[in-house]
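Engineer: Below are the structure tokens for one structure; questions will follow.
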Amino acid sequence: MVKSLNCRDLTPFGGDLVLNALQKDGQDGLIKALGREKRGTLQIGSRLGRDVQAVWLTRTKEGRKISALSERWQGFGELRRGARSLDYPLTYIEIFIEEDGGKGDGSLIPAARVRSKGGNNIEIENFGIYPARLTNIKVGKK
């Protein structure tokens, strides 16, 4: 259960930070570039909130699409045994908000690999089979 996603500096995605870092140095370069950023926090359940390093906003016919990237929590056992999941070091969240009413839904990929697919296209690969569904999302004021 995603408890909260608090973001600041929602900007239209102009292919800046994420796309440039991916095209230049791949996913490792993206992680280095993201390490210097803080655009908000993501809290899942009762765990400690994690910094969100990249957030971008896209306008759609129905409303807004908010996309966010964050480094994910990695457990000691996962690190110790060198699990395949270490190749998926990011968390990706995508939220669709209706223009009227501020309600929405979305998806969460807790372990994601990100690649540039040429031009302004990026590919988000999920370590699991399906992304988690986010429902009953409400926009709140702080």
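Engineer: Here's a check for you: in region 54-68, which residue that is surrounded by fewer than 18 Cβ atoms within 10 Å (Cβ to Cβ) and under 15 Å from the mean Cα position of the chain (by Cα) is nearest to S107 (Cα to Cα)?
Structural biologist: K65
Engineer: Quickly run through region 95-123 and pick out the residues that are at pLDDT below 90, surrounded by fewer than 18 Cβ atoms within 10 Å (Cβ to Cβ) and not basic (K, R).
Structural biologist: E98, E99, D100, G101, G102, G118, G119, N120, N121, E123, listed by residue number.
Each row is one residue, and each column tells you yes or no for (1) part of a strand (DSSP E or B); (2) closer than 23 Å to I31 by Cα; (3) touching a residue at least 60 places away in the same chain (Cβ under 8 Å).
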{"residue": "S85", "(1), (2), (3)": "no, yes, no"}
{"residue": "F96", "(1), (2), (3)": "yes, no, no"}
{"residue": "G101", "(1), (2), (3)": "no, no, no"}
{"residue": "G106", "(1), (2), (3)": "yes, no, no"}
{"residue": "A111", "(1), (2), (3)": "yes, yes, no"}
{"residue": "N120", "(1), (2), (3)": "no, yes, yes"}
{"residue": "I124", "(1), (2), (3)": "yes, yes, no"}
{"residue": "I129", "(1), (2), (3)": "no, no, no"}
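Engineer: Restricting the first residue to region 42-70 and requiring it to be on the phi > 0 side of the Ramachandran plot, which pairs with a second residue that is part of a strand (DSSP E or B) and not β-branched (V, I, T) meet a Cβ separation below 6 Å and a spacing of at least six or different chains?
Structural biologist: G63/E98
Engineer: Take the residues of region 18-29 that are touching a strand residue (DSSP E or B) at 6+ places or on another chain (Cβ under 6 Å) and not β-branched (V, I, T): which is surrounded by the fewest Cβ atoms within 10 Å (Cβ to Cβ)?
Structural biologist: In this case the residue turns out to be Q23.
The values are calculated or read from the model by the stated rules, or taken from the named source; none is laboratory data. What you see is a predicted model, and the numbers here were worked out from it, not measured in a lab. Methodologically, a virtual Cβ is constructed for each residue, glycine included, from the backbone with ideal geometry; neighbour enumeration extends over all protein chains shown.
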